[in-house]
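Structure, as C-alpha coordinates:
The values are calculated or read from the model by the stated rules, or taken from the named source; none is laboratory data. This one's a predicted model, so the numbers in the text were calculated from it and none came from an experiment. As a convention, Cβ positions derive from the backbone with ideal geometry for all residues, glycine included, and neighbour counts pool all protein chains shown. SASA here: full protein model, heavy atoms, side chains in, ligands and nucleic acids out. Shrake-Rupley method; radii C 1.70, N 1.55, O 1.52, S 1.80 Å.
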Amino acid sequence: MFKYEILKQSKKSKARVGKIKTPHGEIITPAFIPVATLGVIKGGLDFQDIEKANIQCQITNTFHFIDLNKVKIVKRAGGLHKFFNFSKPIFTDSGGFQIFSLGKGQELGLGKIASIFPKNQKTSKNKRSVGLVEKIDKKGVIFRSPRTGKKIKLSPKLSAKAQIDLGADFIYLLDVCGSPLDNLKIAKREMDLSHLWFEEFLKVKIPENQRVFGIIQGGIYKSLREASTKFVSNLPVFGIAIGGALGKSKNDMYKIISWINKHIDWQRPHHLLGIGDLEVMEKIIKLGIDLFDCALPTRIARHGTALTSKGYLDISKSRHMDKFKPIEKGCKCFTCQNYSIAQLNFLFKAKEQLAGRLLTIHNLWFLENKLKRIRERIEMNKF
Ligand SMILES: [Zn+2]
(Lines give C-alpha, C1' and ligand atoms only; values in the text may rest on other atoms or scores of the structure.)
Protein backbone atom coordinates (compact mmCIF):
# COMPACT_ATOMS: atom_id res chain seq x y z
CA MET A 1 0.00 0.00 0.00
CA PHE A 2 2.92 2.33 0.80
CA LYS A 3 6.18 2.60 -1.07
CA TYR A 4 8.92 5.14 -1.64
CA GLU A 5 10.89 4.86 -4.83
CA ILE A 6 13.73 7.06 -6.11
CA LEU A 7 13.07 7.63 -9.80
CA LYS A 8 16.07 9.81 -10.58
CA GLN A 9 19.14 10.85 -8.60
CA SER A 10 20.77 14.08 -9.77
CA LYS A 11 24.43 13.76 -10.67
CA LYS A 12 25.09 17.39 -9.78
CA SER A 13 23.59 17.54 -6.29
CA LYS A 14 21.71 15.50 -3.70
CA ALA A 15 18.41 16.37 -5.41
CA ARG A 16 16.27 13.45 -6.48
CA VAL A 17 12.89 12.79 -8.01
CA GLY A 18 10.88 10.21 -6.11
CA LYS A 19 7.45 8.65 -5.87
CA ILE A 20 5.58 8.02 -2.63
CA LYS A 21 2.72 5.57 -3.03
CA THR A 22 -0.15 5.84 -0.53
CA PRO A 23 -3.73 4.51 -0.27
CA HIS A 24 -4.79 8.00 -1.45
CA GLY A 25 -2.63 8.14 -4.55
CA GLU A 26 0.94 9.12 -5.29
CA ILE A 27 3.09 12.08 -4.36
CA ILE A 28 5.86 12.89 -6.81
CA THR A 29 8.76 14.48 -4.94
CA PRO A 30 10.25 17.02 -4.40
CA ALA A 31 6.81 18.15 -3.25
CA PHE A 32 5.37 21.09 -1.40
CA ILE A 33 2.85 20.24 1.34
CA PRO A 34 0.34 23.09 1.79
CA VAL A 35 -0.70 23.74 5.38
CA ALA A 36 -4.34 22.95 6.18
CA THR A 37 -4.26 23.71 9.91
CA LEU A 38 -7.86 22.71 10.63
CA GLY A 39 -8.29 20.28 7.76
CA VAL A 40 -8.83 22.97 5.13
CA ILE A 41 -6.42 25.37 3.49
CA LYS A 42 -7.19 28.84 4.83
CA GLY A 43 -8.62 31.38 2.40
CA GLY A 44 -12.11 29.93 1.94
CA LEU A 45 -11.16 27.22 -0.56
CA ASP A 46 -13.62 24.37 -0.98
CA PHE A 47 -12.58 20.96 -2.26
CA GLN A 48 -13.23 21.95 -5.88
CA ASP A 49 -10.94 24.96 -5.46
CA ILE A 50 -8.33 22.56 -4.11
CA GLU A 51 -8.68 20.51 -7.30
CA LYS A 52 -8.21 23.73 -9.26
CA ALA A 53 -5.07 24.53 -7.28
CA ASN A 54 -3.53 21.23 -8.40
CA ILE A 55 -1.83 20.35 -5.09
CA GLN A 56 -0.55 16.85 -4.32
CA CYS A 57 -1.20 16.57 -0.57
CA GLN A 58 -1.71 18.65 2.59
CA ILE A 59 -0.68 18.75 6.27
CA THR A 60 -3.03 19.26 9.21
CA ASN A 61 -2.21 20.14 12.84
CA THR A 62 -3.19 17.51 15.39
CA PHE A 63 -2.81 19.88 18.35
CA HIS A 64 -5.66 22.13 17.21
CA PHE A 65 -8.06 19.18 16.83
CA ILE A 66 -7.18 18.11 20.38
CA ASP A 67 -7.56 21.70 21.64
CA LEU A 68 -10.98 21.98 19.97
CA ASN A 69 -11.93 18.53 21.28
CA LYS A 70 -12.84 17.42 17.74
CA VAL A 71 -10.66 14.33 17.25
CA LYS A 72 -13.53 11.93 18.01
CA ILE A 73 -15.95 13.73 15.66
CA VAL A 74 -13.45 13.42 12.81
CA LYS A 75 -12.98 9.75 13.69
CA ARG A 76 -16.76 9.15 13.64
CA ALA A 77 -16.94 10.85 10.24
CA GLY A 78 -14.40 8.35 8.94
CA GLY A 79 -11.24 10.44 9.26
CA LEU A 80 -9.88 13.67 7.81
CA HIS A 81 -10.21 12.59 4.16
CA LYS A 82 -13.96 11.98 4.47
CA PHE A 83 -14.70 14.85 6.84
CA PHE A 84 -13.05 17.43 4.58
CA ASN A 85 -13.70 15.82 1.15
CA PHE A 86 -9.98 15.62 0.46
CA SER A 87 -9.05 12.63 -1.67
CA LYS A 88 -5.26 13.03 -1.79
CA PRO A 89 -2.60 12.06 0.80
CA ILE A 90 -2.77 13.85 4.16
CA PHE A 91 -0.04 14.36 6.75
CA THR A 92 -0.69 15.23 10.40
CA ASP A 93 1.99 16.67 12.69
CA SER A 94 2.29 15.40 16.25
CA GLY A 95 1.89 18.47 18.47
CA GLY A 96 5.64 18.72 19.05
CA PHE A 97 5.92 21.98 17.11
CA GLN A 98 3.42 23.62 19.50
CA ILE A 99 5.85 22.93 22.36
CA PHE A 100 7.99 25.55 20.65
CA SER A 101 5.41 27.81 19.03
CA LEU A 102 3.21 28.11 22.15
CA GLY A 103 6.22 27.92 24.51
CA LYS A 104 9.57 29.57 23.90
CA GLY A 105 8.57 30.77 20.44
CA GLN A 106 5.60 32.68 21.77
CA GLU A 107 7.29 33.98 24.89
CA LEU A 108 10.34 35.31 23.07
CA GLY A 109 8.71 36.07 19.72
CA LEU A 110 10.94 33.65 17.83
CA GLY A 111 10.78 31.46 14.75
CA LYS A 112 12.69 28.24 14.10
CA ILE A 113 15.32 30.43 12.46
CA ALA A 114 15.98 33.35 14.80
CA SER A 115 17.81 36.20 13.09
CA ILE A 116 17.09 38.69 15.86
CA PHE A 117 17.93 37.56 19.34
CA PRO A 118 15.81 39.17 22.05
CA LYS A 119 17.67 40.84 24.91
CA ASN A 120 15.83 38.92 27.61
CA GLN A 121 16.82 35.55 26.19
CA LYS A 122 17.84 34.22 29.58
CA THR A 123 14.41 34.64 31.10
CA SER A 124 13.01 31.32 30.01
CA LYS A 125 16.03 29.14 30.64
CA ASN A 126 15.29 27.84 34.08
CA LYS A 127 11.61 28.48 34.33
CA ARG A 128 9.32 25.51 34.65
CA SER A 129 6.56 27.08 32.63
CA VAL A 130 7.21 28.92 29.36
CA GLY A 131 4.44 30.63 27.45
CA LEU A 132 1.52 28.20 27.28
CA VAL A 133 3.72 25.17 28.00
CA GLU A 134 3.35 24.35 31.69
CA LYS A 135 5.48 21.27 32.07
CA ILE A 136 7.53 18.83 30.00
CA ASP A 137 8.84 15.54 31.33
CA LYS A 138 9.25 11.87 30.41
CA LYS A 139 5.52 11.33 30.44
CA GLY A 140 4.68 14.14 28.05
CA VAL A 141 3.73 17.80 28.00
CA ILE A 142 1.04 19.91 29.62
CA PHE A 143 -0.19 22.92 27.65
CA ARG A 144 -2.62 25.70 28.43
CA SER A 145 -5.14 25.93 25.63
CA PRO A 146 -4.60 29.07 23.52
CA ARG A 147 -8.37 29.18 23.06
CA THR A 148 -9.81 28.43 26.50
CA GLY A 149 -6.88 28.41 28.94
CA LYS A 150 -7.79 24.85 29.99
CA LYS A 151 -5.07 22.26 30.59
CA ILE A 152 -4.22 20.01 27.65
CA LYS A 153 -2.17 16.87 28.25
CA LEU A 154 -0.20 15.40 25.40
CA SER A 155 1.95 12.29 25.64
CA PRO A 156 3.60 10.19 22.93
CA LYS A 157 0.76 7.67 23.19
CA LEU A 158 -1.98 10.32 23.18
CA SER A 159 -0.41 11.95 20.11
CA ALA A 160 -0.24 8.57 18.36
CA LYS A 161 -3.86 7.76 19.24
CA ALA A 162 -5.15 11.17 18.12
CA GLN A 163 -3.27 10.86 14.82
CA ILE A 164 -4.61 7.34 14.32
CA ASP A 165 -8.15 8.65 14.92
CA LEU A 166 -7.64 11.54 12.48
CA GLY A 167 -6.54 8.92 9.97
CA ALA A 168 -3.94 10.78 7.89
CA ASP A 169 -1.72 8.73 5.60
CA PHE A 170 1.42 10.01 7.33
CA ILE A 171 1.74 10.70 11.04
CA TYR A 172 4.68 12.11 13.03
CA LEU A 173 6.41 11.04 16.21
CA LEU A 174 5.91 13.42 19.14
CA ASP A 175 9.10 15.44 19.65
CA VAL A 176 10.26 18.37 21.75
CA CYS A 177 10.80 21.15 19.25
CA GLY A 178 13.56 23.33 20.71
CA SER A 179 14.45 26.99 20.30
CA PRO A 180 17.40 28.54 18.39
CA LEU A 181 18.42 30.06 21.74
CA ASP A 182 18.81 26.74 23.57
CA ASN A 183 22.30 26.11 24.92
CA LEU A 184 23.96 22.73 24.36
CA LYS A 185 22.77 21.32 27.68
CA ILE A 186 19.13 22.26 27.09
CA ALA A 187 19.21 21.12 23.46
CA LYS A 188 20.64 17.75 24.56
CA ARG A 189 17.95 17.32 27.20
CA GLU A 190 15.26 18.08 24.61
CA MET A 191 16.81 15.64 22.13
CA ASP A 192 17.10 12.84 24.72
CA LEU A 193 13.50 13.40 25.77
CA SER A 194 12.38 13.32 22.11
CA HIS A 195 14.18 9.99 21.60
CA LEU A 196 12.52 8.56 24.70
CA TRP A 197 9.12 9.76 23.49
CA PHE A 198 9.75 8.20 20.04
CA GLU A 199 10.16 4.78 21.63
CA GLU A 200 6.96 5.26 23.65
CA PHE A 201 5.07 6.41 20.55
CA LEU A 202 6.19 3.37 18.56
CA LYS A 203 4.79 1.00 21.20
CA VAL A 204 1.34 1.96 19.86
CA LYS A 205 0.19 -0.30 17.05
CA ILE A 206 -0.02 1.78 13.87
CA PRO A 207 -2.82 0.75 11.45
CA GLU A 208 -1.91 -0.69 8.06
CA ASN A 209 -3.25 2.37 6.25
CA GLN A 210 -0.84 4.76 8.01
CA ARG A 211 2.92 5.29 8.06
CA VAL A 212 5.15 7.16 10.49
CA PHE A 213 7.78 9.86 10.03
CA GLY A 214 10.55 10.17 12.62
CA ILE A 215 11.93 13.61 13.49
CA ILE A 216 15.61 14.53 13.84
CA GLN A 217 16.21 16.94 16.72
CA GLY A 218 19.43 18.39 18.16
CA GLY A 219 18.97 22.09 17.43
CA ILE A 220 22.02 24.00 16.23
CA TYR A 221 24.63 21.55 17.58
CA LYS A 222 26.55 19.28 15.22
CA SER A 223 27.17 16.47 17.71
CA LEU A 224 23.48 16.37 18.65
CA ARG A 225 22.23 16.53 15.06
CA GLU A 226 24.54 13.64 14.17
CA ALA A 227 23.43 11.57 17.17
CA SER A 228 19.75 12.23 16.49
CA THR A 229 20.13 11.42 12.78
CA LYS A 230 21.65 8.04 13.63
CA PHE A 231 18.97 7.38 16.25
CA VAL A 232 16.05 8.24 13.97
CA SER A 233 17.54 6.39 10.97
CA ASN A 234 17.49 3.23 13.11
CA LEU A 235 13.79 3.53 13.94
CA PRO A 236 11.16 1.55 12.02
CA VAL A 237 9.74 4.67 10.35
CA PHE A 238 8.72 5.24 6.73
CA GLY A 239 10.19 8.72 6.38
CA ILE A 240 12.58 11.05 8.16
CA ALA A 241 11.79 14.65 9.05
CA ILE A 242 14.18 17.40 10.13
CA GLY A 243 12.65 19.32 13.01
CA GLY A 244 13.68 21.75 15.69
CA ALA A 245 15.67 24.95 15.67
CA LEU A 246 17.63 25.78 12.54
CA GLY A 247 19.98 28.54 13.70
CA LYS A 248 20.27 32.26 13.09
CA SER A 249 20.12 32.34 9.32
CA LYS A 250 19.34 30.36 6.19
CA ASN A 251 23.05 29.55 5.92
CA ASP A 252 22.95 28.01 9.41
CA MET A 253 20.03 25.90 8.25
CA TYR A 254 21.92 24.68 5.16
CA LYS A 255 24.87 23.81 7.40
CA ILE A 256 22.65 21.83 9.78
CA ILE A 257 21.13 19.89 6.84
CA SER A 258 24.64 19.08 5.55
CA TRP A 259 25.63 17.63 8.98
CA ILE A 260 22.50 15.49 8.91
CA ASN A 261 23.12 14.39 5.32
CA LYS A 262 26.30 12.51 6.30
CA HIS A 263 24.32 10.08 8.47
CA ILE A 264 20.75 10.05 7.18
CA ASP A 265 19.20 7.03 5.45
CA TRP A 266 18.90 8.06 1.77
CA GLN A 267 16.44 5.28 0.95
CA ARG A 268 13.65 7.08 2.80
CA PRO A 269 11.89 10.38 1.98
CA HIS A 270 13.22 13.47 3.81
CA HIS A 271 10.87 16.19 5.07
CA LEU A 272 12.10 19.61 6.22
CA LEU A 273 9.43 20.68 8.71
CA GLY A 274 7.91 24.14 8.48
CA ILE A 275 10.34 25.65 5.95
CA GLY A 276 9.84 26.08 2.21
CA ASP A 277 9.43 29.60 0.91
CA LEU A 278 10.43 30.56 -2.62
CA GLU A 279 13.91 31.78 -1.67
CA VAL A 280 15.06 28.52 -0.07
CA MET A 281 13.20 25.99 -2.19
CA GLU A 282 15.85 25.25 -4.84
CA LYS A 283 18.67 25.14 -2.31
CA ILE A 284 16.97 22.70 0.07
CA ILE A 285 16.01 20.43 -2.83
CA LYS A 286 19.68 20.38 -3.85
CA LEU A 287 20.45 19.29 -0.28
CA GLY A 288 18.21 16.25 -0.69
CA ILE A 289 14.94 17.50 0.82
CA ASP A 290 11.98 15.69 -0.76
CA LEU A 291 9.07 17.23 1.16
CA PHE A 292 8.56 20.62 2.76
CA ASP A 293 5.59 22.43 4.24
CA CYS A 294 5.19 26.12 4.82
CA ALA A 295 2.24 28.35 5.67
CA LEU A 296 3.78 31.37 3.93
CA PRO A 297 2.48 30.94 0.33
CA THR A 298 -1.14 30.74 1.48
CA ARG A 299 -0.75 33.32 4.26
CA ILE A 300 0.66 35.99 1.93
CA ALA A 301 -2.10 35.21 -0.59
CA ARG A 302 -4.72 36.16 2.01
CA HIS A 303 -2.83 39.39 2.56
CA GLY A 304 -2.77 40.26 -1.14
CA THR A 305 0.57 38.92 -2.36
CA ALA A 306 0.95 36.67 -5.40
CA LEU A 307 3.94 34.50 -6.25
CA THR A 308 5.33 35.11 -9.73
CA SER A 309 8.41 34.09 -11.66
CA LYS A 310 9.76 37.59 -10.93
CA GLY A 311 9.16 37.25 -7.17
CA TYR A 312 6.39 38.62 -4.95
CA LEU A 313 3.63 40.79 -6.43
CA ASP A 314 1.67 42.98 -4.01
CA ILE A 315 -1.73 43.09 -5.68
CA SER A 316 -3.01 45.89 -3.45
CA LYS A 317 -0.77 48.61 -4.93
CA SER A 318 -2.69 51.35 -6.79
CA ARG A 319 -0.46 51.01 -9.83
CA HIS A 320 -2.14 47.64 -10.51
CA MET A 321 -5.69 49.03 -10.81
CA ASP A 322 -5.64 49.10 -14.62
CA LYS A 323 -3.51 46.05 -15.38
CA PHE A 324 -5.90 43.97 -17.44
CA LYS A 325 -3.65 40.94 -17.67
CA PRO A 326 -3.21 37.82 -15.52
CA ILE A 327 -0.80 37.61 -12.56
CA GLU A 328 1.55 35.35 -14.50
CA LYS A 329 1.67 35.14 -18.26
CA GLY A 330 1.00 31.56 -19.36
CA CYS A 331 -0.16 30.41 -15.89
CA LYS A 332 -2.85 27.77 -16.34
CA CYS A 333 -4.42 28.23 -12.91
CA PHE A 334 -8.13 29.00 -12.51
CA THR A 335 -7.35 32.52 -11.30
CA CYS A 336 -5.05 33.50 -14.16
CA GLN A 337 -7.42 31.94 -16.69
CA ASN A 338 -10.37 33.99 -15.44
CA TYR A 339 -9.21 37.11 -13.59
CA SER A 340 -6.87 40.02 -14.29
CA ILE A 341 -4.57 41.85 -11.87
CA ALA A 342 -6.96 44.84 -12.13
CA GLN A 343 -9.91 42.70 -10.99
CA LEU A 344 -7.91 41.21 -8.13
CA ASN A 345 -6.70 44.68 -7.10
CA PHE A 346 -10.32 45.88 -7.06
CA LEU A 347 -11.57 42.87 -5.06
CA PHE A 348 -8.73 43.14 -2.56
CA LYS A 349 -9.23 46.89 -2.05
CA ALA A 350 -12.98 46.28 -1.65
CA LYS A 351 -12.12 43.70 1.06
CA GLU A 352 -13.97 40.96 -0.84
CA GLN A 353 -12.96 37.50 0.43
CA LEU A 354 -12.82 36.29 -3.16
CA ALA A 355 -9.47 38.08 -3.61
CA GLY A 356 -7.72 35.96 -0.97
CA ARG A 357 -9.31 32.79 -2.30
CA LEU A 358 -8.23 33.48 -5.89
CA LEU A 359 -4.69 34.44 -4.85
CA THR A 360 -4.41 31.27 -2.75
CA ILE A 361 -5.44 29.14 -5.75
CA HIS A 362 -2.81 30.89 -7.89
CA ASN A 363 0.01 30.65 -5.31
CA LEU A 364 -0.56 26.92 -4.77
CA TRP A 365 -0.70 26.27 -8.49
CA PHE A 366 2.37 28.41 -9.09
CA LEU A 367 4.42 26.45 -6.53
CA GLU A 368 3.31 23.05 -7.81
CA ASN A 369 4.09 24.12 -11.36
CA LYS A 370 7.50 25.44 -10.32
CA LEU A 371 8.24 22.13 -8.61
CA LYS A 372 7.10 20.24 -11.67
CA ARG A 373 9.71 22.13 -13.69
CA ILE A 374 12.37 21.47 -11.04
CA ARG A 375 11.53 17.75 -11.18
CA GLU A 376 11.86 17.83 -14.96
CA ARG A 377 15.25 19.54 -14.66
CA ILE A 378 16.43 16.87 -12.19
CA GLU A 379 15.25 14.16 -14.61
CA MET A 380 17.28 15.77 -17.38
CA ASN A 381 20.35 16.28 -15.16
CA LYS A 382 19.98 20.04 -15.55
CA PHE A 383 19.35 20.89 -11.90
ZN1 LIG B 1 -2.09 31.66 -11.92
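Before moving on, here are some points about what is shown:
- Between 0 and 90°, nearest 10: helix 353-379 axis offset from the chain longest Cα axis: 80
- Look at the alpha carbon pairs under 8 Å that are at least 6 residues apart: their mean separation over the length of the chain gives a relative contact order of 19 percent.
- Scattering from region 190-291 was approximated by placing one identical point on each alpha carbon and applying the Debye formula without solvent; log10 I(q)/I(0) at 0.14 1/Å stands at -0.51.
- Whole-percent carbon and sulfur share, accessible surface of region 292-334, 1.4 Å: 56
- Value of [θ]222 nm, deg cm²/dmol, for the chain, DSSP H segments ≥ 4, -39500 (n - 2.57) each, nearest 500: -10500 deg cm²/dmol
- With contacts taken as Cα pairs under 8 Å and at least 6 residues apart, region 178-314 reaches a relative contact order of 19 percent.
- In degrees, nearest ten, helix 250-261 long axis to first principal axis of the chain (Cα): 60
- Summed over the residues of the chain and divided among them, the accessible surface reaches 45 Å² per residue at a probe radius of 1.4 Å.
- For residue 132, the residues 5 or more places off, or on other chains, whose built amide H falls under 5 Å of its own are 103.
- Taking all protein chains together, 365, 197 sort by accessible area into 365, 197, largest first [probe 1.4 Å].
- Applying the criteria of a DSSP loop state and at most 11 other Cβ atoms within 10 Å to the GluC sites (Glu not before Pro) of region 187-268 yields 208.
- Angle in degrees between helix 184-201 and the longest Cα principal axis of the chain, rounded to the nearest 10: 90
- Convex hull of Cα atoms in region 1-72, direction-averaged projection (nm²): 6.9
- Cut-off under 5 Å, modelled amide H: who pairs with residue 242 long-range: 216, 271, 272, 273
- Where labels lie 7 Å past Cα in the beta-carbon direction, separation of residue 324 and residue 148 in nm: 5.5
- Annotation: Cα Rg of region 305-363 relative to the compact-globule expectation 2.2 N^0.38 Å equals 0.96.
- For region 305-363, averaging the sequence separation of C-alpha pairs within contact (under 8 Å, six or more residues apart) and dividing by the residue count gives a relative contact order of 35 percent.
- Kirkwood radius, the chain, all distinct C-alpha pairs, inverse of mean reciprocal distance: 21.4 Å.
- Residue among 79, 109, 276 with the largest mean-square fluctuation in a Gaussian network model of the chain, springs linking Cα atoms under 10 Å: 109
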